[in-house]
1. Quickly run through segment B:66-82 and pick out the residues that are more than 12 Å from the chain's Cα centre (by Cα) and among the small types (Gly, Ala, Ser).
2. Give me the pairs: first residue in segment B:203-215 and closer than 14 Å to residue B:153 by Cβ, second residue of a type in the set (S, T, N, Q) and surrounded by 19 or more Cβ atoms within 10 Å (Cβ to Cβ), beta-carbon distance under 7 Å, and six or more apart or on different chains, which are they?
3. Scan segment C:17-26 residue by residue and report those that are more than 7 Å from chain B (Cβ to nearest Cβ) and either part of a helix (DSSP H, G or I) or in contact (Cβ under 8 Å) with a residue 60 or more places away in the chain (or both).
4. Could you say whether any residue in segment A:110-124 is assigned to a helix (DSSP H, G or I), out of contact with any Ser or Thr (no Cβ under 7 Å at 6 or more places or on another chain) and of a type in the set (Phe, Trp, Tyr)?
5. Can you tell me which condition residue C:187 does not meet? The list is (1) outside any helix (DSSP H, G or I); (2) surrounded by fewer than 23 Cβ atoms within 10 Å (Cβ to Cβ), and all the others hold.
6. Which one of C:182, C:213, C:178, C:208 is closer than 17 Å to residue C:424 by Cα, away from chain A (no Cβ under 14 Å) and among the hydrophobic types (A, V, I, L, M, F, W, C)?
7. Tell me, yes or no, whether segment C:315-325 has at least one residue that is away from chain A (no Cβ under 14 Å), in contact with a helix residue (DSSP H, G or I) (Cβ under 7 Å, 6 or more places away or on another chain) and in a helix (DSSP H, G or I).
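The values are calculated or read from the model by the stated rules, or taken from the named source; none is laboratory data. Since this is a predicted model, take the numbers as computed values, not measurements. Virtual Cβ from ideal backbone geometry, glycine too; neighbours counted across all protein chains shown.
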Amino acid sequence: MERPRHQGMAKNTYMRWRLPLVCLLWEVAMIVLFGVFVRFGPEADAHWEEEKQELNLTSDMENDFYFRYPSFQDVHVMIFVGFGFLMTFLKRYGFGAVGFNFLLAAFGIQWALLMQGWFHSFKNGKILIGVENLINADFCVGSVCIAFGAILGKTSPIQLLVMTLFQVTLFSVNEYILLNLLHVKDAGGSMTIHTFGAYFGLTVTRILYRPNLEQSKDKQGSVYHSDLFAMIGTLYLWMYWPSFNSAISEHGDAQHRSAINTYCSLAACVLTTMAFSSMLQKKGKLDMVHIQNATLAGGVAVGTSAEMMLTPYGSLIVGSISGIVSTVGYVYFTPFLESRLHIQDTCGIHNLHAMPGLIGGIVGAITAAAATEDVYGKEGFIKAFDFTGVYHTRTPSVQGGFQAAGIVVSLLMAFVGGAIVGGILKLPIWGDAAAENCFEDEVYWEVPEDEESDVYHMHNPDKPASP
Amino acid sequence: MERPRHQGMAKNTYMRWRLPLVCLLWEVAMIVLFGVFVRFGPEADAHWEEEKQELNLTSDMENDFYFRYPSFQDVHVMIFVGFGFLMTFLKRYGFGAVGFNFLLAAFGIQWALLMQGWFHSFKNGKILIGVENLINADFCVGSVCIAFGAILGKTSPIQLLVMTLFQVTLFSVNEYILLNLLHVKDAGGSMTIHTFGAYFGLTVTRILYRPNLEQSKDKQGSVYHSDLFAMIGTLYLWMYWPSFNSAISEHGDAQHRSAINTYCSLAACVLTTMAFSSMLQKKGKLDMVHIQNATLAGGVAVGTSAEMMLTPYGSLIVGSISGIVSTVGYVYFTPFLESRLHIQDTCGIHNLHAMPGLIGGIVGAITAAAATEDVYGKEGFIKAFDFTGVYHTRTPSVQGGFQAAGIVVSLLMAFVGGAIVGGILKLPIWGDAAAENCFEDEVYWEVPEDEESDVYHMHNPDKPASP
Amino acid sequence: MERPRHQGMAKNTYMRWRLPLVCLLWEVAMIVLFGVFVRFGPEADAHWEEEKQELNLTSDMENDFYFRYPSFQDVHVMIFVGFGFLMTFLKRYGFGAVGFNFLLAAFGIQWALLMQGWFHSFKNGKILIGVENLINADFCVGSVCIAFGAILGKTSPIQLLVMTLFQVTLFSVNEYILLNLLHVKDAGGSMTIHTFGAYFGLTVTRILYRPNLEQSKDKQGSVYHSDLFAMIGTLYLWMYWPSFNSAISEHGDAQHRSAINTYCSLAACVLTTMAFSSMLQKKGKLDMVHIQNATLAGGVAVGTSAEMMLTPYGSLIVGSISGIVSTVGYVYFTPFLESRLHIQDTCGIHNLHAMPGLIGGIVGAITAAAATEDVYGKEGFIKAFDFTGVYHTRTPSVQGGFQAAGIVVSLLMAFVGGAIVGGILKLPIWGDAAAENCFEDEVYWEVPEDEESDVYHMHNPDKPASP
């Protein structure tokens, strides 16, 4: 159904040649680069049959596939259904939420396989990939999905692709600095994914500030069923977060521990979120925005420390605090950010990812600094922090310092990178919509006739038969 | 949007201080108790690196995490998405269904980790937890989700939290009596989860009988899209039930067998449900209530016996019968229970959990009594029923008797416990809604403007009032 | 709510005795046949405890359950939620889409366990089943779900059950010819599942051609929320397709490789689909039909070759092409098929399964023909194509020829089988609806009152415009 456009609309949102061009050029580039660089890692290559014998492996079970594939699939669901549906809460932006998230994530994982591959899996001129690379690519794209949350409804698909291209690149550089140069632990990505992704997105949305956004204010809310669709996203993120935080931990006790810590933190977070959601509303009613988002802060906030000996009660404490901080953020900070700092944060990623991400980085630094051989066991201690090779003399307190440095580096990368990328996205060539057409699928999507069509409404004799 | 309240509304449903108080006090209690009692089990502790060597384990794969984590995640989905969305069928109670289920389950799993931990994982003053404890906590909370189905739409969140607190406690005691004192097998929880949970919930709803509930009768039905949301819940419960029944079975053939038996039982159940749904309706049309619920009875009814040598055809028989019983229950028993016994059972848990749970207990007793060394093999026989230690002389027929005793104990615990807890919930301090406001999200939730808002409706003043 | 029927309706769609009769007779037959034939395979039987010792297995992890169960559950979700919800895009056929898919799949897996069991798992007069049989049964039923897509909305549940009965039989015969007689590799089923299933369904819908289908044209479209429900199906199919293609591959590197190839192909497919969806629409807007369907073609098109050394860049190429072919198909071929060839293809399975399935078969033949010992390693080469026993002299190019023959056989089986089954379904005894009642749930389902009921509308003229 074509609705009359407001007269103010002057922007050119015509995608017909621009979007296909970007997608096709990109895919060709990927094919060429994959052709030159990407090959199967040893455990996915048909030569593994021989390698197994050389390594004296007695069972196919030793293939990393079986250690990580179930977690990979859970992470995959989080990226595509979790983030995609979480953002369908807007009443008329469901197609854009789930569809553009699909587009940018499919675009991003290919580039992430290359970028992260060059940094971490590059051998003899080839990038050798396996299931762990797939998980890391999903992780990297996760940070883009987070940033998408800040600019949801206000950007064209081309802007999203351009942002993905740059953000994946910056993510990989930042990740390399943290994991390889600073030798920081961050298995669940409190710093690399959440802190970086969220502050990057917030910086971008600041640069793209739209002073007249109140023109589309009527579309910034939810309707009853869009809130239920969003809960699908929420629950899948919540349920699978233990897989997220444990997916790339060391085999054995570390994966096991990560899952338990995350499970505990998330459970606690639900209770404090519900408590503050009710407490901060005059009538004491619960707000779906908080339930959909702040309940997840507990997963973010143990992202760095989940694989450490945080302990179950430590996880409960971290989860409880992050639920409170996040809910308070939705009630007080988000309006403040918009009115004072001109940061328009559609999904409130500041509350769900930025602040909990910082908490996660800090908790990780403290937990690392407090580590002792007594708590971890002699071998467990070395394994947990990989205090081997040139790092064999590093002490926990030094590790804690480097962890803290990781937070600062992530923030700097996010602010500087976000400012540059925001500037690029501000160019008037990417086809974003006018302020009065934001949060509206019809700009970029063929939208079917309304729910209340003649088919099962009928009864209106004046309404035209078809859109 | 605030709609004018009916004048009859006199009850105080103001949650602003009560709900936060309960949640926060509870979470503080959890943190203290976890701090005192809960630690990582050996396979999740960083000392595992050393323990592995002592136990001569050659592979990280021997960590229980890899045996159970995929099933754990499936069970987790069943509890939060399965039960949560199954209950969204009501036209105006979707937020309450999925949100309160989320709240009570997150609340309950923490308490279950403690309660079950004290009974089953307590060593040297500490509860040592691993992935199996997480599954068991989800199981325990599953019984609360079942009971929630009976009182759906008629209780305040505080009532639900109070019920969860008591029900988890009673569940753990009942489970201890069955598994440890009677030495009963019940891996899929036909008795401990379904029979106990359902009869507990039915007793509670009987005590909370609301004579004027027909005042909210117009809200007790579904709408087209709410039925589709409910099917998300149904299908996830149906698909993952093989994981549910096999999640805590012994490693190896027992887990494998449980999954197969459950798969077969559920497949058969769908066919008999469809048959009776059509047969019992005058016009021969299928009823979504049956498809959403009775198709799951096959999973409940093999909960005890799935890990035994029930055989695939035995599973088909049990599944077929339970589908019939459950569908007949929806058509004939539910109205009878309400009109004659004053049991108002919103979701029909009597049909989906209570009767199939009893069937499951009985089938389990028969299957156990019929076990022979020939069918199980000498070692398999001992392993399947854990006829070791003080139980090494127990015979199958004696085991069958104890299994039957387990049903009786579960029923008694449910009736007595449900009566007491129902009495507590009847106190006029918990903020439940008046009869005319039942099944209505607006009592406890901020509800967005209607689907048919001005945004994409545009105020056609000629539109007739109802279709 | 009963709506007035059109006067033209003359067909008898009364299901009350026919549907129950078919379901119950069928289930009894299944119980008898399972009783005679089906037993637990060695790894699911309680005797495994002894067998383990004979085979010198040191760990329960060697049970096939742990190699395949996570993939099985993903496949299970694809069949029931993936296909079920993908088809809910129609505005008034959501119950039929998800409900009839549920019915036919539950019906089909039982028969598939028998049919495939007789061909592949028959030992000493018994069919011995394990987790791989469950996956294969799901696969077989997947081909029926595909065919269902062509006739969606135009057939009665009895017709669907009859079709399932025959199609599962034909599928099993075709699969036996391909895998056992031609010794063809097809782990992801490009030929056996997609090519066969789609051309079978297209033939059936051709035979069932309805000249007056434009009478229900107003119901053939989607509404806003039905498109979002369909995206749930799309995303679960897309995310879990790596599990689909790797589920029954050899343990170890082959499963690992299949997942990676499929992941890459699907990612590329999304980009080319988006590009062509925008390019082929006059206004450059994206079409949800393409996003919901063509994005999946990449999974179909590597179904045969994913477990081979296709390489990641090869997968990107295949995925890119299949996305283009599929999207072009939706825009140009589907209307052509309907107007010229009288093939009414409700879901466009020609574009999503038939053409990509053919591509998949061809790519598989080429990849097999191009295989060398250098690329696979000496042992890997033999293992990958199972060049053992009577096949130990087969060369890659001969294998390529047999692969191509597999495509032809699948097509022939589909056309001949589809024509016969279509003829059977044309008999006027199965209760299908008149043309004007197609795509309408009310024919076979109890449908609740409309979304816009008086309950939460009430048309309060004083209602403020926004909350």
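1. Listed by number, the list holds a single entry, B:71.
2. Matching pairs, first to second residue: B:205/B:344; B:210/B:344; B:213/B:344.
3. The first filter runs over segment C:17-26 and keeps only residues more than 7 Å from chain B (Cβ to nearest Cβ), leaving C:17-18, C:21-22, C:25.
Within segment C:17-26, C:18, C:21, C:22, C:25 meet the criteria.
4. yes
5. Residue C:187 satisfies every listed condition except (2).
6. Values: C:182 fails: closer than 17 Å to residue C:424 by Cα; C:213 fails: closer than 17 Å to residue C:424 by Cα; C:178 fails: closer than 17 Å to residue C:424 by Cα.
That would be C:208, the only listed residue that is closer than 17 Å to residue C:424 by Cα, away from chain A (no Cβ under 14 Å) and among the hydrophobic types (A, V, I, L, M, F, W, C).
7. Start the filter on segment C:315-325 by keeping residues that are away from chain A (no Cβ under 14 Å), which leaves C:325.
Then drop every residue that is not in contact with a helix residue (DSSP H, G or I) (Cβ under 7 Å, 6 or more places away or on another chain), which leaves C:325.
In the following step, the residues that additionally are in a helix (DSSP H, G or I) were identified as C:325.
Yes, because at least one residue in segment C:315-325 is away from chain A (no Cβ under 14 Å), in contact with a helix residue (DSSP H, G or I) (Cβ under 7 Å, 6 or more places away or on another chain) and in a helix (DSSP H, G or I).
Table: residues versus (1) more than 20 Å from residue C:402 (Cα to Cα); (2) of a type in the set (S, T, N, Q); (3) part of a loop (DSSP other than H, G, I, E, B).
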| position | (1), (2), (3) |
| --- | --- |
| C:150 | yes, no, no |
| C:159 | yes, yes, no |
| C:163 | yes, no, no |
| C:166 | yes, no, no |
| C:169 | yes, yes, no |
| C:174 | no, yes, no |
| C:177 | no, no, no |
| C:193 | no, no, no |
